[in-house]
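Input: a single structure, listed below in structure tokens.
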Amino acid sequence: MITILSQLKPFRFVLVKPQGKEAFEPGLPGYGFGDPKLLQHLKESGNYGVLAGHEYALIDTDDPELEAEVRAKLPATFEVASPGHNGTHFYYRCPTVEASKTIPVLDKTREKDKWNIGHVRIGNGYLIGPGSTHPNGKLYLVKQARPFAEITEQQIRAVLAPWLAEKLARAEIEYGKQLGFELSFPIEEILNLSQFKRSGNTLQGPHPVHGSTTGTNFHVDTRKNVWYCFRCCAGGGPLQLLAVLERVIDCDQSDQLRGEDFKRTRDIALAKGLIEKPSKKKGKEPGPEKKREERRNPWKPVTSPIPCEDPAALFNALVEWLKRYWDFKDQRYYQLCAAWIFHTWLIERWRSTGPLYALGTINSGKTILLECLAETANRGIRGGSMTVAVMFRLNDAFTPALLIDEAQLYNREEWAETQALINEGYRKGGEVWRCETGPEGEIIPRSYKAYGAKYFASSSPPWSALNSRALTLHMSKNTRKIEETLTPTFEAEGQQFRNLLQGYRDKYLAAPMPDEYPELETIKDYRTREIGKPLIAVAPEGEPRQAIISYLKTLEEEHQTEEETSYEADLIRALDACTPLDGKVTARDVRDKLADVLGEVEETVRTGDLGGEVLVRKVNEAALPKPRTIMGLLTTFGFRKTRCGGKSLAGVLWDQGLLDSLKQRYGVVK
Ligand SMILES: [Zn+2]
């Protein structure tokens with residue numbers, strides 16, 4: 001039975017069915033802490049909801065980025081971990097609130113049914129309370145038992161609104177770039193803000209098209225050049241606002257402006273002189289050759305190759321350069337990244353290339369590394385600056401170094417296609433298929449070469465297909481002061497490195513190289529050796545190679561631990577615990593042993609009917625896969641299907657040799 005924390009005394013609670021999420025009593029009657037009806041319900045394993053009421057605001061976040069934003073911008077408070085999408089519930093005292101409402105937090109840069117990334121619950125809004133059980137069987141648990149911090153509703157909106165609008169504005173600018181337009185112009189140029197009230201960084205006033213009852217539903221952040229409408233939960237950058245003002249779209253349709261609507265708005269902006277046609281672009285005047293090169297290719301160019309005299313000196317210079325801009329605790333990362341950059345310049349030489357996978361929260365250095373790679377990798381292309389279709393074509397034609405930030409993949413489809421590209425991209429000859437729409441709307445399947453260097457920045461660990469091949473970097477910043485990236489100095493240095501590395505490429509692309517490296521023999525796992533080989537090949541002997549080997553050993557251990565703890569390893573343990581009968585074992589037996597491996601068995605001793613003690617074994621059915629799923633996995637491992645006993649149960653033929661080799665592979669020891 002759940003006991004409600006005494007810290008939650010000030011709240012009222014609603015009754016929720018066991019393992020459910022919906023309050024079931026009509027009218028949502030709220031019960032006080034200690035109310036007998038509430039206690040009785042909890043006794044019957046019911047869940048409960050915490051009503052926000054008029055004194056509190058409860059924010060639930062289903063998205064790591066949103067969670068990070070709340071944590072960074074709002075005061076530290078009481079937190080509950082929600083096991084659904086690994087979300088977090090933040091509890092705030094928010095006494096200014098009068099209305100009863102739930103404000104959805106929508107990220108409109110995503111696919112429509114994925115928009116909702118959280119809620120702010122006020123009044124009759126409630127969250128499932130800590131101690132309750134999620135439909136997936138896991139518990140809601142207190143994450144931080146801090147006192148409730150006090151904030152205002154205004155403060156919540158002031159944090160969420162600009163953040164969401166900024167994301168949309170960025171998506172729009174990127175979209176414009178793909179079409180060759182610089183879509184940025186100050187919002188003040190299309191909207192008179194002189195009557196707006198200032199609050200912090202934002203100006204607030206009535207919505208210019210649909211008005212406002214409160215007079216402040218429309219906000220503009222002039223510093224970030226974004227706007228937000230609270231009524232429609234909409235917002236974005238200048239072009240989206242122009243589209244709303246010119247009645248091309250309605251305020252609530254300000255999610256990405258596309259197709260004909262985009263063209264119309266763009267033409268209005270052109271006619272008003274807010275933006276310029278790409279060809280009329282002013283500014284720096286590169287020579288005609290460079291200009292052509294820049295227009296043709298989305299990577300930073302090599303202007304004039306410098307012959308490579310001393311590759312080791314160049315390598316060390318690159319390490320030192322990375323150290324100036326990128327701050328890392330793990331010193332081996334500098335050598336590793338320098339080697340990764342070098343290997344991109346000889347990309348055609350290798351049989352495989354491990355994706356560089358930067359794993360960390362926001363502000364952990366993922367973007368800085370991406371910027372450094374964009375300067376120095378061979379044909380470094382930022383994946384987020386183009387559509388997936390363009391990315392596939394470029395990869396197919398040029399084998400560039402694709403630099404992708406997960407946060408810039410806007411929908412599930414892009415995400416899935418990018419994943420496939422990375423999955424197949426590690427080995428030479430890898431290809432991916434995608435379907436494209438022909439001129440008559442027909443679907444044309446096409447294969448693309450997937451091979452090429454990939455950098456992927458993410459806030460979650462590599463997916464299972466990638467796990468054993470990713471060069472994972474655990475991003476955690478040190479506190480050393482670093483220089484700013486994207487400055488003219490940074491870019492000039494990048495240009496110099498590209499010229500030098502082109503010289504390196506010219507000299508070594510076809511030069512003889514050893515087939516084997518003795519250093520690599522200390523790495524046991526062949527996949528780790530495979531992805532480590534190009535890095536060792538380009539790294540100078542001595543310290544750089546030692547650092548990379550040491551990194552690879554850590555990586556190998558990580559991969560091994562991952563495999564050992566994986567589901568497959570659990571299943572092999574279960575199989576290993578079975579006793580074959582007539583050279584066969586049933587899926588049911590394996591499942592029963594799996595329950596032991598997973599600790600999903602409760603054993604109690606009771607007195608039997610005829611006296612004596614009886615062991616009662618109760619398996620948690622819900623936590624186990626179906627026998628059919630187990631059969632599927634066993635046959636994937638290579639076991640042969642069979643029928644067992646007179647009951648004709650599904651099972652597999654016992655194969656001790658296969659089992660032994662699987663045990664070794666997954667590190668299963670008895
Ligand atoms: Zn609106």
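FYI, it's all coordinate maths here, none of it is from the lab. Not measured: the values here are computed from a predicted model. Cβ: placed from backbone, ideal geometry, glycine included. Neighbour counts: every protein chain shown.
Listed values, structure above:
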read-out	value
Residue-averaged [θ]222 nm for the chain, counting only DSSP H segments that reach four residues, each worth -39500 (n - 2.57)	-11500 deg cm²/dmol
Loop GluC sites (Glu not before Pro), the range 395-496 (other Cβ atoms within 10 Å of the site Cβ: 14 or fewer; DSSP)	440, 442, 483, 484
Bridge type composition, the range 6-151 - antiparallel percent by DSSP, nearest 5	95
Full-extension gain in nm, residue 665 to residue 22, via 0.36 nm per residue minus C-alpha separation	227.0 nm
Considering only the chain, percent of DSSP beta bridges that pair antiparallel, nearest 5	80
Antiparallel bridge percentage (DSSP; both residues within the range 311-562; nearest 5)	40
Rh by Kirkwood over Cα pairs, then Stokes-Einstein D for the range 369-450 at 0.692 mPa s and 37 °C, µm²/s	246
Where a label projected 7 Å from the Cα of residue 115 along Cα→Cβ would reach, residues of the range 238-252 with amide N under 11 Å	252
Candidate lysines - alpha carbon under 27 Å from residue 114, same-chain residues fewer than 8 apart omitted	17, 21, 73, 101, 138, 143, 167, 177, 224, 263, 366, 454
Per-pair calculated FRET efficiency, R0 = 60 Å: residue 324 and residue 515 via Cβ, rounded to 0.05	0.95
From phi via Karplus (6.51, -1.76, 1.60), per-residue ³J(HN,Hα) for the range 43-52 in Hz, x at Gly/Pro	4, 8, 6, x, 8, 9, x, 9, 7, 5
Extension gain, residue 246 back to residue 197 (0.36 nm per residue minus Cα-Cα distance, nm)	15.3 nm
Spin-label model distance (nm) - residue 642 vs residue 102, 7 Å beyond Cα toward Cβ	5.4
Potential lengthening between residue 54 and residue 1 on full extension [0.36 nm per residue; Cα-Cα distance subtracted]	16.2 nm
Sparse-neighbour loop sites [GluC sites (Glu not before Pro); the range 49-132; at most 10 other C-beta within 10 Å; DSSP]	98
Distance in nm between pseudo-label sites at residue 546 and residue 626 (7 Å out along the Cβ direction from Cα)	5.7
Selection from 118, 10, 94, by position along the positive dipole direction of the range 1-136 (Cβ)	10
FRET efficiency for residue 264 and residue 577, using Cβ-Cβ distance with R0 set to 60 Å, rounded to 0.05	0.35
Under the Karplus curve 6.51 cos²θ - 1.76 cosθ + 1.60, θ = phi - 60°, whole-Hz ³J(HN,Hα) for the range 569-584, x wherever Gly or Pro sits	4, 4, 5, 5, 4, 5, 5, 5, 7, 7, 10, x, 10, 6, x, 9
Coil-residue trypsin sites (Lys or Arg not before Pro) of the range 292-355, DSSP, other Cβ within 10 Å capped at 13	329, 351
Debye log10 I(q)/I(0) for the range 472-532, one point scatterer per Cα, at q = 0.14, 0.29 Å⁻¹	-0.84, -1.11
Reachable aspartates and glutamates, given that their alpha-carbon falls under 14 Å from the alpha-carbon of residue 618 and they are not under 8 places away in the same chain	592, 596, 600, 602, 603
Distance (nanometres) between label positions extended 7 Å along Cα→Cβ at residue 39 and residue 436	7.0
Whole-number percent relative contact order across the range 579-665, with pairs defined as alpha carbons under 8 Å at least 6 apart	33
Relative frequency of Cα-Cα separations exceeding 20 Å in the range 579-665, percent	46
Relative contact order [Cα under 8 Å, 6+ residues apart], the range 311-562, whole percent	30
Anisotropy class of the chain from Cα gyration tensor, a/c 1.5 cut	oblate
